[in-house]
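**Q** For reference, the structure I am asking about is given below.
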Ligand SMILES: [Zn+2]
């Protein structure tokens, strides 16, 4: 087993995006399908909404929560759970006491648009009218915990407007007009400024990046930019240094987010790696080192994170199971059973199945020249079978000890034109070199960014010494 479990695994960006997509869907599901208790409340509001809203307002005028149980209330009659009752009391105290025609309601966990409407004293018929007014108006149902909805009612208690800020960059508004409700969504375009930051690693990249003021996203971007040259699970040492120039999104002087990393330098064990973002004439953006060489490689360095090399490539060694001198045509990575194994490059799985002493095995053909093999797997990842296409970094299976194997490890082979080579000694081919015709244009961007990092760094170091 490996000791370097502190640093997080490095996944290619597509996976992070996929993962956050899943998280987003999950959190959305949580908002759409709140707990049963709230479901109950919602049903009941639909049953008897206009009454209950009025009732809530009256209670608010009269007294504090304690009197509520004495009064016959549509809530008390229909809901059996005590829990729902206390929630109702809370709801009542949320109401602002100053102006009955204005309600500022903060979305709480479990709220739905109907519970929010009820808190504003609005009934189910109004809710339906709003939601049916336009397709866009349904955006109102996408509630975020903490979001504030400002309601304005007219003197008859009819809804006039709803305003809500979704984020620093986005707000929505609903207003009643002659022909019903109109929905508007306003997106503020932030100013983009550039910022410099620098950090020295003393325990993990994530902690030092946090200290340097980098967001989680920017830190992941930084790790991805250098992911082909630096193995963030294994290579990071105390004293490693990073610095970057990145885009900062600003609205009226306030930072509301970050954009892309424009340039970066990472010094790993004394060796400096540089990165510059460049958008080519076709509009595709990619990172190159300061001299314009591509940073992306056709193959990633290690197919498993959190692993230790337990056996190297050799032309003759004693096989631990067969006890005969045999060549070891690959590299063994010892890792706990179940550790994900990633495809080293884009390609097609020519095999995903059992293969004698190799046990559960995946073979990937990468174009004409290259082939990689992954053996002794515990099992295959979902969707990976013979004939399927795989993406670089995609999880294809999990470390195990199937076939002729003495313990959980990945046996990894690399072939060039049908000949086994040592994957560790391979000079891995680069992908997408910068076009010759764009080299000059690239250098016009790269040079000033590198110079700016140099000068910012000196300034920062001088300040720190004082
Ligand atoms: Zn092996």
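**Q** For segment 395-404, does any single residue satisfy the condition of being part of a strand (DSSP E or B), more than 25 Å from residue 231 (Cβ to Cβ) and more than 16 Å from the ligand (Cβ to nearest atom)? Walk me through it before giving the result.
**A** The first filter runs over segment 395-404 and keeps only residues part of a strand (DSSP E or B), leaving 395-398, 400.
So of that shortlist, the ones also more than 25 Å from residue 231 (Cβ to Cβ) come out as none.
For segment 395-404, residues part of a strand (DSSP E or B), more than 25 Å from residue 231 (Cβ to Cβ) and more than 16 Å from the ligand (Cβ to nearest atom): absent.
**Q** Testing residue 374 on (1) within 15 Å of the ligand (Cβ to nearest atom); (2) more than 23 Å from residue 296 (Cβ to Cβ); (3) at pLDDT 95 or above, one condition comes back false. Which one is that?
**A** All conditions are met except number (2).
**Q** Scan 174, 169 and give me the residue that is in contact (Cβ under 8 Å) with a residue 12 or more places away in the chain and more than 28 Å from residue 258 (Cα to Cα).
**A** The conditions single out 174.
**Q** What about residue 385, is it in a loop (DSSP other than H, G, I, E, B) and more than 16 Å from the ligand (Cβ to nearest atom)? Lay out the reasoning, then the answer.
**A** Values: in a loop (DSSP other than H, G, I, E, B): yes; more than 16 Å from the ligand (Cβ to nearest atom): yes.
So residue 385 fits the description; yes.
**Q** Return a yes/no flag: does segment 279-300 have any residue that is within 14 Å of the ligand (Cβ to nearest atom), touching a residue at least 40 places away in the same chain (Cβ under 8 Å) and buried (at least 18 other Cβ atoms within 10 Å of the Cβ).
**A** Narrowing segment 279-300 to residues within 14 Å of the ligand (Cβ to nearest atom): none.
The answer is no, given that none of the residues of segment 279-300 is within 14 Å of the ligand (Cβ to nearest atom), touching a residue at least 40 places away in the same chain (Cβ under 8 Å) and buried (at least 18 other Cβ atoms within 10 Å of the Cβ).
**Q** In addition: Looking at segment 178-186, can you tell me whether even one residue there is assigned to a loop (DSSP other than H, G, I, E, B) and more than 23 Å from the chain's Cα centre (by Cα)? I'd like the intermediate steps shown before the answer.
**A** Our first condition is that a residue be assigned to a loop (DSSP other than H, G, I, E, B); within segment 178-186, this holds for 178-179.
Applying the additional criterion that residues be more than 23 Å from the chain's Cα centre (by Cα) yields 178-179.
Yes: one or more hits.
**Q** Return a yes/no flag: does segment 357-365 have any residue that is within 14 Å of the ligand (Cβ to nearest atom), out of contact with any strand residue (DSSP E or B) (no Cβ under 6 Å at 6 or more places or on another chain) and not in a loop (DSSP other than H, G, I, E, B).
**A** So far as segment 357-365 goes, yes, one or more of its residues are within 14 Å of the ligand (Cβ to nearest atom), out of contact with any strand residue (DSSP E or B) (no Cβ under 6 Å at 6 or more places or on another chain) and not in a loop (DSSP other than H, G, I, E, B).
**Q** Report yes if residue 392 is touching a residue at least 60 places away in the same chain (Cβ under 8 Å) and within 24 Å of residue 295 (Cβ to Cβ), otherwise no.
**A** On the way: touching a residue at least 60 places away in the same chain (Cβ under 8 Å): yes; within 24 Å of residue 295 (Cβ to Cβ): yes.
When the stated conditions are applied, residue 392 passes them.
**Q** Moving to a separate point now. Output the residues belonging to segment 173-190 that are in contact with a helix residue (DSSP H, G or I) (Cβ under 6 Å, 6 or more places away or on another chain) and either within 15 Å of residue 149 (Cβ to Cβ) or not assigned by TED's automatic domain parsing to the domain that holds residue 145 (or both).
**A** In the first step, residues of segment 173-190 are kept if they are in contact with a helix residue (DSSP H, G or I) (Cβ under 6 Å, 6 or more places away or on another chain); the result is 180-181, 183.
Of everything in segment 173-190, those that are in contact with a helix residue (DSSP H, G or I) (Cβ under 6 Å, 6 or more places away or on another chain) and either within 15 Å of residue 149 (Cβ to Cβ) or not assigned by TED's automatic domain parsing to the domain that holds residue 145 (or both) turn out to be 181, 183.
**Q** I'm told residue 303 meets every condition in (1) within 15 Å of the ligand (Cβ to nearest atom); (2) assigned to a loop (DSSP other than H, G, I, E, B); (3) touching a helix residue (DSSP H, G or I) at 6+ places or on another chain (Cβ under 7 Å) except one. Can you identify the failing condition by its number?
**A** Among (1) within 15 Å of the ligand (Cβ to nearest atom); (2) assigned to a loop (DSSP other than H, G, I, E, B); (3) touching a helix residue (DSSP H, G or I) at 6+ places or on another chain (Cβ under 7 Å), residue 303 violates only (3).
**Q** Do we have any residue at all in segment 410-418 that's modelled with pLDDT under 95 and either under 28 Å from the mean Cα position of the chain (by Cα) or at positive phi (or both)?
**A** The answer is yes, given that some residue of segment 410-418 is modelled with pLDDT under 95 and either under 28 Å from the mean Cα position of the chain (by Cα) or at positive phi (or both).
The values are calculated or read from the model by the stated rules, or taken from the named source; none is laboratory data. Keep in mind it's a predicted model, so treat the numbers as computed, not measured. FYI the Cβ positions are ideal-geometry reconstructions off the backbone, even for glycines, and counts take in every protein chain you see.
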